[in-house]
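Chemist: Structure incoming, see below.
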Amino acid sequence: MALYATAATVLAAVEGRRGSIKGLVYASRFQNVKQLYALVCETQRYSAVLDAVIAGAGLLRAEKKLRPHLAKVLVYELLLGKGFRGGGGRWRPLLERHQARLKAELARLKVQRRVSRNEDLLQVGARPGTASQVPRFVRVNTLKTSPDDAVDYFKRQGFSYQGRASSLGELRALKGKCFLLDPLLPELLVFPAQTDLHDHPLYRAGHLILQDKASCLPAMLLAPPPGSHVLDACAAPGNKTSHLAALLRNQGKIFAFDRDAGRLASMATLLARAGVSCCELAEEDFLAVSPSDQRYRQVQYILLDPSCSGSGMPGRSLEEPGAGTPSKARLQALAGFQQRALRHALTFPSLRRLVYSTCSLCQEENEDVVWDALQQNPGAFRLAPVLPSWPHRGLGTFPGAEHCLRASPETTLTGGFFVAVLERVEVSSSVPKAEAAAPELTAGTARRRKRRRRQASAPAPGSS
């Protein structure tokens, strides 16, 4: 099966430090990106355990043509995953010949380490922590179906619908085949953390998008009405773009940019499956896009989710070889790009509202970037106060930073995220330009000037 061979190739490249899992998965051009990504991540997470089981069972000695990384992927599926997908192809009978020895070796390893669960075999750094308790969020793609129809479908499959959640505690308590409607986003379904829907028919047909709740906030807060022209500056992999299209009801225009051809090709597949017809993709660096280009003269909404350190992503240590806390040099380089991108986005002449977001927890990539942009455009844009009941706010590094939103597994039961909404400050046409440009003018000064104007315009004594 192509899935297992591709996963083995990606895994070998990751362990050889030739790239991150995400970058290598997109470069593979494998059609089901989410499925491949999940399989590689889980296999990598259990890598040391799988190595011990394979060596103890003598699998590679018995099957000399079986490559080590492919063996690791296959043994993960057999012992720790949900079984072979699509029948397993020619690999299934090969592994089944060794199934008894592999299972015995796994059991022996548990006895030796005095644990009973598979996850207890993991090293401390690889064990699922708070991040693994983040529920499975599923956005209903309203271009193809409705939340009510999706709920009915799951109920017919034996899932138990618990209604609309009213608290994080309800989401945290989800178990088994129970699911809820998110309390904030009306098209977001919430399942227990370990629910796997990558092979679900509604997902494969594009009716469902597997997207973390925090990742749904940017499009929701941008809120472009149908018919709008929207620019998605750093668009791949495309989940947010498909969300924008759903909000637009495919009416209007989305200009989506990404400079990575492989990611853009995967994005085109995702958008086609999701039924998106209002999006124009361009393999182009957003910084090279001219705000004066007549094609973008009606763009009033911009979503900017630039490349970032990914420090808020659950399991980020699997994303990038040697990952951990981003180095100061890397943060400076990323923040420099983010600042240039945000400054550039704010120069589009018809822009009314912009959402800046990252999946980073670092102040340098979040509040510092937003504050830089506001200082570069004094009086032109403001931070919009959004979601006042959201529990996790921006760091208080500058006045108004509390209008920014942060997210984390601990505080919001989502991945780590940052969102800021910037709005253009509208100057009333009735306000004289000199007064609009001089906000420091006091009310008393204005009244004195008004009296002087009246005196100057009054008729002189004795005049007719």
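The values are calculated or read from the model by the stated rules, or taken from the named source; none is laboratory data. Just so it is clear, the structure is predicted and the values come from calculations on it, not from any experiment. With ideal geometry, Cβ positions are generated from the backbone for all residues, glycine too; neighbour counts draw on all protein chains shown. Quick note on the areas: whole protein, heavy atoms, side chains included, nothing else; ligands and nucleic acids left out. Shrake-Rupley method; radii C 1.70, N 1.55, O 1.52, S 1.80 Å.
Chemist: For the stretch 85-92, indicate whether the set of residues that are out of contact with any Ser or Thr (no Cβ under 9 Å at 6 or more places or on another chain), open to solvent by 40 Å² or more (accessible area, probe 1.4 Å) and over 30 Å from A265 (Cβ atoms) is non-empty.
Modeler: Yes - at least one qualifying residue is present in the stretch 85-92.
Chemist: Can you give me the number of residues within the stretch 381-415 that are in contact (Cβ under 8 Å) with a residue 24 or more places away in the chain and in contact with a Pro (Cβ under 7 Å, 6 or more places away or on another chain)?
Modeler: Matching residues across the stretch 381-415 total 4.
Chemist: So if I check each of V14, V33, V10, which one is at negative phi and out of contact with any Phe, Trp or Tyr (no Cβ under 9 Å at 6 or more places or on another chain)?
Modeler: Only one candidate qualifies: V14.
Chemist: For the stretch 173-203, which positions are free of Cβ contacts under 8 Å to residues at least 24 places away in the same chain and surrounded by fewer than 19 Cβ atoms within 10 Å (Cβ to Cβ)?
Modeler: Result: A173, K175, G176, K177, C178, P183, H200, P201.
Chemist: State the number of residues belonging to the stretch 242-258 that are open to solvent by 40 Å² or more (accessible area, probe 1.4 Å) and touching a helix residue (DSSP H, G or I) at 6+ places or on another chain (Cβ under 8 Å).
Modeler: So the count comes out to 1.
Chemist: Just the residues that are surrounded by 12 or more Cβ atoms within 10 Å (Cβ to Cβ) and polar (S, T, N, Q), please, taken from the stretch 161-172.
Modeler: The one that is surrounded by 12 or more Cβ atoms within 10 Å (Cβ to Cβ) and polar (S, T, N, Q): Q162.
Chemist: Something else about it: Could you tell me whether G238 is small (G, A, S), open to solvent by less than 10 Å² (accessible area, probe 1.4 Å), under 24 Å from L39 (Cα atoms) and free of Cβ contacts under 8 Å to residues at least 60 places away in the same chain?
Modeler: yes
Chemist: Separate question: Quick one: would you say S357 is open to solvent by 30 Å² or more (accessible area, probe 1.4 Å) and not in a helix (DSSP H, G or I)?
Modeler: So S357 fails the test.
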